[in-house]
Amino acid sequence: MKKALDLAERARGRTSPNPMVGALIVKSGRIIAADYHRKAGSPHAEVLVLKKAGARALGATLYVTLEPCCHTLKKTPPCTDAIIKSGITEVVIAMIDPNPEVSGRGIKILRAAGIRTITGVLKYDARRLNEAFVKFISTGKPFVTLKIAQSLDGKIATARGESKWITGHQARNMVQKIRKGVDAILVGMGTVEKDDPSLDCRFNRGRNPYRIIVDSTLRIPLRAKVLKHADRKTIIATTDRAPDKKINDILKSGNRVIVLKARKGRVDLKKLMKELGKLEITSLLIEGGSSISASVLSERLVDKVMFFSAPRIIGGEDAIPSVGGTSPSRLISAIPVKDLRVMAVGKDVLIEGYPDY
């Protein structure tokens, strides 16, 4: 199953809105076929390994990281049919599919056909692999990761706004790899004004994610780099306070605008998540800055945090903190973070975990 999970991981960033799935067939203690789902609309992992195994699948065991599909709502036929026809006698499954159209039905069909099934093998690893799919298929909203690059004392820039580069090149390369694996990147308008970022993926020719700018009054200049991409994947999230002419100018430039009713003068981030879900954006990486980080945390929209901390101390009350806003009056109101993982990334340290609201 570990091998199957490793195979599934190879397709990160290419299967959305589908999950990543790996599969292999074992007979007489040997792996006779192994493969993984490449992208949405292409054959599923189970079908690929069954084709590779051919007649050798008779009497063999299929290992798969996600419950085989049994519905006909997709372009591809149900995997349960192919498994039953192949002569497979046992199926080992990491996790049950959270999709309500499947969720246990695939297992029931296999068992009804006389195929022995085992579930829950490395299920936590499988769930972590597809945490974005699990959130999206269950709620219709993207899985949100908040990424922050900060100094050891929690600053993202000096008082003058200097922030390039707090963390080292290895940490920045890792962020590019993370960008390759998500559907969209989101930043606040302050980041655009300060850095004029391209928000593209420069890692091994990775596909570019959607670029989402939260801009409540549409201050973004038409010359901004994020508006110059030819792939039409830049989205400006604004409010009904934005001038119609500016909205039309952005639309004419080939970019998209989402207009939401202002909430306390700002973009309603909860409603924005629903709109992004309608676009089948299953995973969202928020890259700051200080104000947007505070907003998404206070709204409890963050599913995962990734703090890259550099071994340097900026100091000063006037330096920009990684998370702005107003602090809680009591420590008990601070957001706890669970399932922590800590790793060295070059000279920097990455701490990641899941907010436990």
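The values are calculated or read from the model by the stated rules, or taken from the named source; none is laboratory data. Worth saying up front: this structure is predicted, and the values here are computed from it rather than measured. Because the Cβ atoms are built from the backbone with ideal geometry, glycine has one as well, and the counts that use them run over all protein chains shown. These accessible areas exclude ligands, DNA and RNA; they are computed on the full protein's heavy atoms, side chains included. Shrake-Rupley method; radii C 1.70, N 1.55, O 1.52, S 1.80 Å.
One line per residue, one yes/no per condition, for (1) in a helix (DSSP H, G or I); (2) in contact (Cβ under 8 Å) with a residue 24 or more places away in the chain; (3) under 15 Å from P311 (Cα atoms):
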| site | (1), (2), (3) |
| --- | --- |
| R160 | no, no, no |
| W165 | no, no, yes |
| Q176 | yes, yes, no |
| R179 | yes, yes, no |
| V182 | no, yes, no |
| G190 | yes, yes, no |
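Yes/no per residue for (1) under 27 Å from V323 (Cβ atoms); (2) in contact with a Phe, Trp or Tyr (Cβ under 6 Å, 6 or more places away or on another chain); (3) of a type in the set (S, T, Y):
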| residue | (1), (2), (3) |
| --- | --- |
| M174 | yes, no, no |
| L199 | yes, no, no |
| K228 | no, no, no |
| T239 | yes, no, yes |
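Checking each residue in the range 237-246 for being at pLDDT below 95 and either hydrophobic (A, V, I, L, M, F, W, C) or within 21 Å of the chain's Cα centre (by Cα) (or both) picks out only A242. The number of residues in the range 113-134 that are of a type in the set (K, R) and out of contact with any strand residue (DSSP E or B) (no Cβ under 6 Å at 6 or more places or on another chain) comes to 1. Here is a check on your reading of the model: is V182 surrounded by 16 or more Cβ atoms within 10 Å (Cβ to Cβ), touching a strand residue (DSSP E or B) at 6+ places or on another chain (Cβ under 8 Å) and closer than 30 Å to R38 by Cβ? The answer is yes for V182.
All conditions in (1) part of a loop (DSSP other than H, G, I, E, B); (2) free of Cβ contacts under 8 Å to residues at least 24 places away in the same chain hold for D153, with the sole exception of (2). When each of K270, K278 is tested for being closer than 18 Å to D215 by Cα and modelled with pLDDT of 95 or more, the lone residue that passes is K270. Of all the residues in the range 124-138, those that are within 13 Å of the chain's Cα centre (by Cα) and among the acidic types (D, E) number 1. The residues in the range 60-77 that are open to solvent by less than 20 Å² (accessible area, probe 1.4 Å) and either closer than 24 Å to V134 by Cβ or at pLDDT below 95 (or both) can be counted, and the count is 9.
Within the span defined as the range 151-165, every residue fails to be β-branched (V, I, T) and under 17 Å from M273 (Cα atoms). Across the range 124-147, the number of residues qualifying as farther than 15 Å from G22 by Cα and not in a helix (DSSP H, G or I) comes to 8. Only residues that are within 25 Å of S16 (Cβ to Cβ) and of a type outside the set (K, R) were counted in the range 216-237, giving 9.
Residue-by-condition table, conditions (1) in contact (Cβ under 8 Å) with a residue 60 or more places away in the chain; (2) surrounded by fewer than 18 Cβ atoms within 10 Å (Cβ to Cβ):
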| residue | (1), (2) |
| --- | --- |
| I25 | yes, no |
| D35 | no, no |
| A40 | no, yes |
| V47 | no, no |
| A82 | no, no |
| M95 | no, no |
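Residues that are in contact (Cβ under 8 Å) with a residue 12 or more places away in the chain and either farther than 22 Å from P197 by Cβ or open to solvent by 20 Å² or more (accessible area, probe 1.4 Å) (or both) within the range 218-227 comprise R219, L222, K225, listed in sequence order.
Being of a type in the set (V, I, T) and open to solvent by less than 70 Å² (accessible area, probe 1.4 Å) is a property that V345 has. Annotation: of all residues in the range 329-342 being part of a loop (DSSP other than H, G, I, E, B) and over 29 Å from R128 (Cβ atoms), the one that is least open to solvent (accessible area, probe 1.4 Å) is S329.
With respect to being among the small types (G, A, S) and closer than 30 Å to G13 by Cβ, A159 falls outside the description. A count restricted to the range 119-173 and to residues that are of a type in the set (V, I, T) and loosely packed, with under 14 Cβ neighbours inside 10 Å stands at 1.
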